[in-house]
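Working notes for the structure below.
The values are calculated or read from the model by the stated rules, or taken from the named source; none is laboratory data. Values in this document were obtained by computation on a predicted structure and should not be read as measured data. Virtual Cβ from ideal backbone geometry, glycine too; neighbours counted across all protein chains shown.
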Amino acid sequence: MSSLHWEEFYAAHLPPADFEDNRQLLKEFCERHSKIHNKIVLVTSGGTTVPLEHNTVRFVDNFSAGTRGSSSAEYFLDQGYAVIFMHRQKSLEPFTRHFTGQQFFDMLDISGTDNDPGTQINVKPDSVDVLAPILLKYKVAQESQRILFINFTSVVDYMWLLRAACECLAPLEQRALLYLAAAVSDFYIPQDKMPTHKIQSGQGAPTISLQLVPKMLAPLVSLWVPHAFVVSFKLETDENLLIAKSRESLNKYKHKLVIANILQTRKYRVVFVTPTTSYEVHLTREQALSGLEIEEPIVADVSRKHDEYISAAQGQ
Ligand code: PMT
């Protein structure tokens, strides 16, 4: 299996159709918050896809519901950050994540009929306490323009948007925080090796040959945002590999922190791996039952580390 150099990856793959619009939004958002001396966090969230055909009917997906990213984005807003929420289309988003499936409709009452001009829709009295705090936070974030939503689907879209976001964040230097929680494909089919149309089952079982996606953490840390505070996540299913792989990643890419998690226990336990330490952040059973989310202590710890990093740079 061969891997392209990261520059060749961009040269070989076209940006998504709405790329220039998104780049403009990212630029305006970063310039606005840079001027008012805000800290900005880029939160990536959800899994990237690898299409098997240009006219895509089938694709390979990476596991991620978007829980980590969407809940963390809310806690970063609470910590005073401006948030770029770069997420897989249709994965969980901040605020709306609290009401999935039928939950939102179940909170509403309707009186009248569909063609009655006097029809009224009201929030049920016992749902106001649930909806109000979330709606208020959403309104404040939107009205103060402290959150920008950008979405991706394929790994190629993700890579183009990630680099564009970094270009816009670079001038903020230490005030930029990258929190890379998205589950990014390690393997893909290059665009020039992909069939145009739907693979036909009548032609027998296809042999699909995947290539390695270049690890974008390398240019990201060393070239794109060399002064930013970069946090990556490491997902494993084998506990025996978790810490060693995380440390390997830190040694290789020289960023600030890896947050390591095991697929099955990721909602209750993570391990913070820094160049000098490793320690666990976890929820007790009582905390989990009381509704505390692990992203709250994770984000509090990350933003404290980020503040220390900014202060250390200012003291130089
Ligand atoms: O969304 P949830 O359901 O809540 O799940 C959250 C999560 C388990 C997906 C999340 O906590 C998590 O672990 N995300 C990272 C998953 C992942 O991609 O791990 P990895 O070991 O494949 O990659 C490690 C790092 O390398 C990542 O920060 C990634 O951004 C980076 N990478 C990966 C592939 C690639 N081609 N280039 C990269 O730079």
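Observations, loosely collected:
- Test result for H98, out of contact with any His (no Cβ under 8 Å at 6 or more places or on another chain) and within 24 Å of K39 (Cα to Cα): no
- 2 or more residues away from the ligand (no atom under 13 Å from the Cβ): qualifying strands (runs of 3 or more DSSP E) within segment 223-285: 278-282
- Flag for P206 being of a type outside the set (K, R), modelled with pLDDT of 95 or more and more than 9 Å from the ligand (Cβ to nearest atom): no
- Only one entry in T153, T48 is over 30 Å from R304 (Cα atoms) and under 13 Å from the mean Cα position of the chain (by Cα), namely T153.
- Residue that is small (G, A, S), surrounded by 20 or more Cβ atoms within 10 Å (Cβ to Cβ) and either without any contact (Cβ under 8 Å) to a residue 60 or more places away in the chain or under 21 Å from L42 (Cα atoms) (or both), where the choices are S111, S127, S70: S70
- Filter result (under 19 Å from P51 (Cβ atoms), among the small types (G, A, S) and in a helix (DSSP H, G or I)) within segment 12-38: A12
- Applying the set (1) within 19 Å of the chain's Cα centre (by Cα); (2) part of a helix (DSSP H, G or I); (3) within 30 Å of N55 (Cα to Cα) to G202 leaves exactly one unmet item: (1).
- Single condition F63 does not satisfy, out of (1) in a strand (DSSP E or B); (2) of a type outside the set (D, E); (3) closer than 17 Å to I259 by Cβ: (1)
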